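Below you'll find the structure, written out as C-alpha cells, and then a few comments.
The values are calculated or read from the model by the stated rules, or taken from the named source; none is laboratory data. Just so it is clear, the model here is predicted, and its values are computed rather than measured. Here Cβ is always computed from backbone atoms with ideal geometry, including for glycine, and neighbour counts include all displayed protein chains. These area figures cover heavy atoms from the full protein model, side chains too; ligands, DNA and RNA do not enter into them. Shrake-Rupley method; radii C 1.70, N 1.55, O 1.52, S 1.80 Å.
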Amino acid sequence: MKRWILIVSVLLAAVACKKSEIVPPDTEDPTPQPSKNENELIADSVFLFSKEIYYWQDKIGSVTYDMFNPLQYLKPEALNTAKAVIGAVRNYNEWDKAKGYSYAENYSGDGASSKAAMVEFSYGFDVKPAWKTRTPDAPIAANFEGWYVSYVYPDSDAGKKGVQRGMKLLSVDGTPMGNTAAAVAILNNMLYYETLKSVNAQFLKPNGDTLQVNISITSFVPNSLLYASIFTTPKSKKVGYLVYNFFDRLSDSKAQLDSLFNAFRAQHLDAVVIDLRYNRGGYTETQDYLTNHVAPLSAHNKLMYRYHFNSNLQTGNYTALKTRYPASRVFALDYASNNIKFNTLTSLNTDKIYIITSNETASSSELFINNLKPQLGEKLVLIGDDVTRGKPVGFFPIHLFKKVTFWTVSFMTKNGQDEAVPYEGFVPDYLVYDAVDRPWGDVSEECLSAAIKLVDGLEVPRSSHLIVPSRSIIPSPHSQRLRKERMTDNMLLTREE
C-alpha cells in the first residue's frame, strides 16, 4: 500500500503545515544547468519550487526569475544559501515574514518515512525560566528564579539518568545557570546549535536533593504521551489528565491512546484536561485520532477541517513538484478528498474539555483546538500563560541534493465553520502562570490547579484578552534563548492511496 504524508503548520498548527511524501526520490534540480554549481542550483530550486507551490500567489506568482535573482543570495554553505533564499520568499507575505513559517534545514529525507519510528537525536529535554512572582506577566527585573526542566523524554540520555520535569538546572560544566548571557549561550549551544555534545550538569530536585550527571546528545525514540492520570477533585469530580508532547505517528501511539481512553471512559469522567503546553505539532492523522476520542458523538461525520491550496496545485500546474514524486503517485488536491470528517464512534461524554497551552502550542495542537471549537463551544476551555503560536498554514518538504530540505508554505486548513487558526494565535480563556518548577500531575501546579477549580465551579481570574508581553530573559537579541525547529514542529498528515 502506498502512502504519502501531508505535514501541516497550523500546520497544518501549528500553524504552519507540511505535506510530506514517503521518502521522495532525490532527483536533481527540476531544470539542471551543467554550467551552474550545486550551490547555485540550490538557490535556483528554492525559488522555482516556491514560485510554483507558495500558498500566497497574489505576489510571488508574477515574479520572474530575473526579478527575484536567486543567485544574489548565494552563501558559502548550501544550507545558508537555502535559508537566504527562503528568507527572501517569506517577504511575499506579511505573516510568513513576521513568523518565519517557511524555512530550510539540513537534509531530512529519511525522517519523512512513515514506516519507521520517529527517531530524535538530541538531549531529549528542554528548560524554561521560572519566576518568583507567580503571574503570567511578571516583570523581568530581579524576578528570575532559575531555569527549570519543562519536559524530558524518558528514553533520552537525560531521562534515563533521572532528569525530570520540575528540576532546576543549577550549572553546566561548572557555569552557574542564572540570568546571564553566558548561561543563555550555553543553553543555545546545547539545545539549539547542538555544538555541546556532552555536558556535566547539576540539577536541584523538588525535594531539595541534587542530581549531578553527565548527559549527552543521543538517538532515541521519543514518547509523545509523557504523563496520564485520573484523580478526584475536592468536590468529588473525576478528572482525566494527559500530557501529550507531540503528535507522533499514529502507529507509535495508537495503542497507548486506546488504552488510556478506555480507562477514561470506564471511570465516567466529569472532565478531561489535555496538556499541550509544549506540543509544537506532528502528524495530523494522530491529531485526527485524538480529536475523535474527545469530540462529542454529535460531531460524527461532520466536517472536521479542509485543506486549501493555491491555484497551481488545484489545477495540477506543478511541474517542478512532480520531479520529486514518482509518476504513479498523484496529489489528491481535489476539493472532496481534502475534507477530513469526524469519526466519533465513541465519546468521553464529559461536561467540559480543558486544554493547557502556551506560546509553544503550535501546528497540529492548534489544529486540534480549532477543530473542536465548533463542536464544543464554551465547553472547550483554554488555560495558559500566553497566546499560542498562530500557524494556520502548511507545506511540502523539498529535498535538494541530499544537502538541504526546505519547507515553503503551500496550504491552509480551516475547520467545519470555515475558520482558520488565527495568525495571532489563540488567547487562553484563563491566563495562568506555567509552574515549570512542579512535576507533571502535581495538583498545586498553577495551570492544572486552575482546571481543577473550574471543574469544581470555583472562580479563576479570566484573561484580559491582550497578548502577553514577551519576557525574554536577556534584552539583547544576541543572548536570546533559541528553540530548534524540527520536522514534528509542524502538522504531518498521512493518507493512503
Task: Of residues in region 316-349 being assigned to a loop (DSSP other than H, G, I, E, B) and aliphatic (A, V, I, L, M), the one modelled with the lowest pLDDT - done: 330
Open item on the list: Quick test of your reading of the structure: residue 180 fulfils all but one of (1) closer than 19 Å to residue 484 by Cβ; (2) open to solvent by 50 Å² or more (accessible area, probe 1.4 Å). Name the failing condition by number.
Closed with: (1)
- [ ] State whether one or more residues within region 402-420 are within 30 Å of residue 39 (Cα to Cα), more than 22 Å from the chain's Cα centre (by Cα) and modelled with pLDDT of 90 or more.
- [x] yes
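Do we find a residue being open to solvent by less than 10 Å² (accessible area, probe 1.4 Å), assigned to a helix (DSSP H, G or I) and hydroxyl-bearing (Ser, Thr, Tyr) anywhere in region 250-265? Please lay out each step first, then the result.
Of all residues in region 250-265, those open to solvent by less than 10 Å² (accessible area, probe 1.4 Å) come to 253, 257, 261, 264.
From the residues that got through so far, the ones that are assigned to a helix (DSSP H, G or I) too are 253, 257, 261, 264.
Right, trim to hydroxyl-bearing (Ser, Thr, Tyr) and you get 253.
Yes, there is a match, as at least one residue in region 250-265 is open to solvent by less than 10 Å² (accessible area, probe 1.4 Å), assigned to a helix (DSSP H, G or I) and hydroxyl-bearing (Ser, Thr, Tyr).
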Task: Residue among 311, 298, 358 that is under 30 Å from residue 439 (Cβ atoms) and either surrounded by 20 or more Cβ atoms within 10 Å (Cβ to Cβ) or at pLDDT 85 or above (or both) - done: 358
- [ ] Check every one of the helices (runs of 4 or more DSSP H) wholly within region 45-137 and list those with 3 or more residues that are at pLDDT 95 or above and open to solvent by 60 Å² or more (accessible area, probe 1.4 Å).
- [x] 65-68, 94-99
TODO: Exactly one condition in (1) open to solvent by 20 Å² or more (accessible area, probe 1.4 Å); (2) part of a strand (DSSP E or B) is not met by residue 241; state its number.
DONE: (1)
